[in-house]
Structures are given as structure tokens and as C-alpha cells.
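Participant: My questions all concern the structure below.
The values are calculated or read from the model by the stated rules, or taken from the named source; none is laboratory data. Note that the coordinates shown come from a computational prediction; the quantities given were computed from them, not determined experimentally. Methodologically, a virtual Cβ is constructed for each residue, glycine included, from the backbone with ideal geometry; neighbour enumeration extends over all protein chains shown. Side chains are part of the model used for accessible areas, which takes the heavy atoms of the whole protein and leaves out ligands, DNA and RNA. Shrake-Rupley method; radii C 1.70, N 1.55, O 1.52, S 1.80 Å.
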Amino acid sequence: MATHHLSCHCGAVSLDADIELDNLMTCNCSMCGRTGAIMAFVPVSKLSHIAGEANLTDYQFGPKRIHHGFCKTCGGRPFARGPGHDGQEWAMVNVRCIEGLDVHTLEIARKYDGKSA
Ligand SMILES: [Zn+2]
């Protein structure tokens, strides 16, 4: 498990996340289809040093289980969170926000059909 540093575009929001880049997912739901996140899922406990959280909006839709945070300044979306089926809180980390990462080097392991879910 490697620790990656993530930030929104303007830098108002940043965090560290212990994530692997070998099981990444995209999704075609009404949200992900528009915002284009490439996601890694980890328990919220794998996030640390979250800075600027007050600069995030808290957007929810549909069943309103997931908190989609968007930077109020630049619209960046480094992470979202919500309860998993196991009852513990999970984070969706948008690996596009990893600093210094070339997203073209990423392999997408799974395309989730959220549009049909
Ligand atoms: Zn920002």
C-alpha cells in the first residue's frame, strides 16, 4: 500500500491516501459520466492529513448515501465518501487528483455500469 498525495486543482483541498493503483474503476452513472473520476476504494481510515475540507461542497443525489465533495473554488473532486454495504465508511479516491501522476499510465481494471445499477 503506497501513500499518495492528492489535491484539487487550486490546492485549497488536499489529503494523503493509502491506495493501490491496481484495481481502479470508472463508472457511467449520471455523476461519474459527467465528472470522469477514476476511482480507488478504501476505508476512510486510509485517508489522512485532510486539509481544506471546509472548502468542499457536500453534494448528494439519488438515495443520498454518498457525500460528493467538490472544491468550491476550482470544482476539483479529490474524494467522496459514504457507508459501504458492510456498514463501515468508505472513501472513493479520485486518483486523477494524485499530484505528479500521469493519468495516461493508469490501467482501468473495472468499468462499473452504474447507469444500470
Ligand atoms: Zn480547489
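Participant: Please go through (1) within 14 Å of the chain's Cα centre (by Cα); (2) surrounded by 13 or more Cβ atoms within 10 Å (Cβ to Cβ) for CYS10 and return the number of the only condition it doesn't satisfy.
Facilitator: Of everything listed in (1) within 14 Å of the chain's Cα centre (by Cα); (2) surrounded by 13 or more Cβ atoms within 10 Å (Cβ to Cβ), CYS10 misses just condition (1).
Participant: Considering each residue of the stretch 1-47, count those that are of a type in the set (Gly, Ala, Ser) and assigned to a strand (DSSP E or B), and give that number.
Facilitator: Start the filter on the stretch 1-47 by keeping residues that are of a type in the set (Gly, Ala, Ser), which leaves 2, 7, 11-12, 14, 17, 30, 33, 36-37, 40, 45.
Subset that is assigned to a strand (DSSP E or B): 2, 7, 14, 17, 40.
Residues that pass the stated criteria total 5.
Participant: Identify all residues within the stretch 63-80 that are closer than 21 Å to GLY114 by Cβ and open to solvent by 60 Å² or more (accessible area, probe 1.4 Å); write none if there are none.
Facilitator: Across the stretch 63-80, the qualifying residues are PRO63, LYS64, ARG65, ILE66, HIS67.
Participant: I would also like to ask the following. Restricting the stretch 48-61 to residues that are touching a residue at least 12 places away in the same chain (Cβ under 8 Å) and assigned to a loop (DSSP other than H, G, I, E, B), which is surrounded by the fewest Cβ atoms within 10 Å (Cβ to Cβ)? Can you show your working first?
Facilitator: First, the residues of the stretch 48-61 that are touching a residue at least 12 places away in the same chain (Cβ under 8 Å): 48-53, 55-57, 61.
Those still in the list that are assigned to a loop (DSSP other than H, G, I, E, B) too: 52, 61.
Details: GLY52: 18, PHE61: 11.
In this case the residue turns out to be PHE61.
Participant: Residues that are at pLDDT 95 or above, within 19 Å of LEU6 (Cα to Cα) and more than 13 Å from the chain's Cα centre (by Cα): does the stretch 58-73 have at least one?
Facilitator: Taking every residue of the stretch 58-73 in turn, at least one turns out to be at pLDDT 95 or above, within 19 Å of LEU6 (Cα to Cα) and more than 13 Å from the chain's Cα centre (by Cα).
Participant: Return the residue satisfying two criteria in turn: it lies in the stretch 13-47 and is more than 21 Å from ARG65 (Cβ to Cβ) and touching a Gly at 6+ places or on another chain (Cβ under 8 Å), and of such residues it is surrounded by the most Cβ atoms within 10 Å (Cβ to Cβ).
Facilitator: Top of the filtered list is VAL13.
Participant: Tell me, which residue of the stretch 2-21 that is within 14 Å of PHE41 (Cα to Cα), in contact with a Lys or Arg (Cβ under 9 Å, 6 or more places away or on another chain) and aliphatic (A, V, I, L, M) is farthest from the ligand (Cβ to nearest atom)?
Facilitator: Of everything passing the filter in the stretch 2-21, ILE19 is farthest from the ligand (Cβ to nearest atom).
Participant: While we're here: Within the stretch 61-81, restricting attention to residues that are small (Gly, Ala, Ser) and within 16 Å of the ligand (Cβ to nearest atom), which residue is nearest to HIS9 (Cα to Cα)?
Facilitator: Of all residues in the stretch 61-81, those small (Gly, Ala, Ser) come to 62, 69, 75-76, 80.
Going one step further and asking which of them are within 16 Å of the ligand (Cβ to nearest atom), we end up with 69, 75-76, 80.
Numbers: GLY69: 14, GLY75: 8, GLY76: 6, ALA80: 16 Å.
Checked the stretch 61-81; the qualifying residue nearest to HIS9 (Cα to Cα) is GLY76.
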